[in-house]
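First comes the structure, then the notes that go with it.
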């Protein structure tokens with residue numbers, strides 16, 4: 001039986017095919033639609049009967065959809081299962097090629113469990129949310145151009161009028177797509193309830209809730225809160241080498257930029273208007289010496305953890321549990 005393991009990263013995917021338990025050489029492809037097409041062709045030519053991926057939040061989903069659409073038998077496993085399987089094989093080296101080979105062995109030796117793709121509604125909401133994000137970025141750029149144009153008397157009136165019309169068009173189009181997203185969410189009781197829970201968070205209104213749902217609904221149900229944080233790129237990374245280099249931890253910024261973007265404004269609003277979130281934000285700056293942007297990223301991370309707990313327990317946001325300042329004796 002020919003099986004394949006694929007290790008997925010942000011920019012590349014590494015493929016290892018095992019034929020009759022003999023592991024082949026690793027091959028690398030770009031993690032793009034064109035790279036996915038080349039990878040699919042390679043799997044077909046090798047007559048692969050099973051493909052195994054590890055769930056990596058954002059990075060694996062588009063590839064998994066492309067493989068399933070091509071009719072390739074696919075299993076997507078939890079990172080913990082992959083780690084424990086590698087430990088059982090006493091794998092000591094960790095590289096993309098080694099990880100792909102381990103996944104190929106998993107496909108060969110473990111029972112095949114077909115991947116359950118996110119439902120069409122979740123994918124539709126994500127597509128709508130991402131289109132809104134792209135248009136919102138374009139609107140900001142156009143507004144900046146309009147502001148610059150209005151600062152000089154040399155700009156023709158027709159050019160300013162054109163920029164104003166573009167901004168108005170984008171405003172209308174974004175609002176139209178948001179209404180379409182609301183309508184999609186309203187067709188499903190579970191999605192509607194998740195939306196209602198999100199808007200209980202200080203700083204999250206309809207616009208942010210749509211963006212957040214677009215990214216969160218497509219994630220595996222068994223993903224833990226820490227995996228959400230890592231997938232969003234909000235996990236701290238330590239940079240230390242020898243005795244001379246010991247930098248402060250920084251967020252990785254390697255994950256889902258759409259999710260980080262969706263969390264930014266809610267975190268900023270909550271840090272200004274929610275007493276408990278503001279206390280946490282001030283604590284990070286005044287007591288722990290973080291810069292404002294670093295503190296805001298920490299608020300984003302903690303908000304994401306709170307959202308994970310809310311959706312799991314089906315309870316609304318309780319800011320009193322977000323942060324409680326420790327009182328000290330005078």
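Inspect region 48-56 for any residue being part of a helix (DSSP H, G or I), surrounded by fewer than 19 Cβ atoms within 10 Å (Cβ to Cβ) and touching a residue at least 40 places away in the same chain (Cβ under 8 Å) and give the result as yes or no. Write out each step before concluding.
Just the residues of region 48-56 that are part of a helix (DSSP H, G or I), to begin with: none.
No.
Just so you know, in region 190-228 the residues that are closer than 17 Å to residue 315 by Cβ and free of Cβ contacts under 8 Å to residues at least 60 places away in the same chain include one that is surrounded by the most Cβ atoms within 10 Å (Cβ to Cβ), and it is 209.
Taken over region 61-76, the residue count meeting the criterion of being touching a strand residue (DSSP E or B) at 6+ places or on another chain (Cβ under 9 Å) and surrounded by fewer than 21 Cβ atoms within 10 Å (Cβ to Cβ) is 4.
Against the condition at negative phi and more than 23 Å from the chain's Cα centre (by Cα), how does residue 101 come out, does it pass?
Values: at negative phi: yes; more than 23 Å from the chain's Cα centre (by Cα): yes.
Judged against the criteria, residue 101 is a match.
Scanning region 83-129 for residues that are under 24 Å from residue 215 (Cα atoms), in contact with a strand residue (DSSP E or B) (Cβ under 7 Å, 6 or more places away or on another chain) and buried (at least 19 other Cβ atoms within 10 Å of the Cβ) turns up just one, 115. Checking 212, 234 one by one, the residue that is touching a helix residue (DSSP H, G or I) at 6+ places or on another chain (Cβ under 7 Å) and part of a loop (DSSP other than H, G, I, E, B) is 234 and no other.
For residue 183, state whether it is under 25 Å from the mean Cα position of the chain (by Cα) and free of Cβ contacts under 8 Å to residues at least 60 places away in the same chain. Yes; evaluated as a whole, the condition is true for this residue. Filtering region 15-34 to residues that are buried (at least 16 other Cβ atoms within 10 Å of the Cβ), under 23 Å from the mean Cα position of the chain (by Cα) and not in a strand (DSSP E or B) leaves only 31.
Readers should treat all values here as calculations from the given coordinates under stated rules, not as data from a laboratory. The structure displayed is predicted, hence computed values, not measured ones. Backbone-built Cβ (ideal geometry, glycine too); neighbour counts: all protein chains shown.
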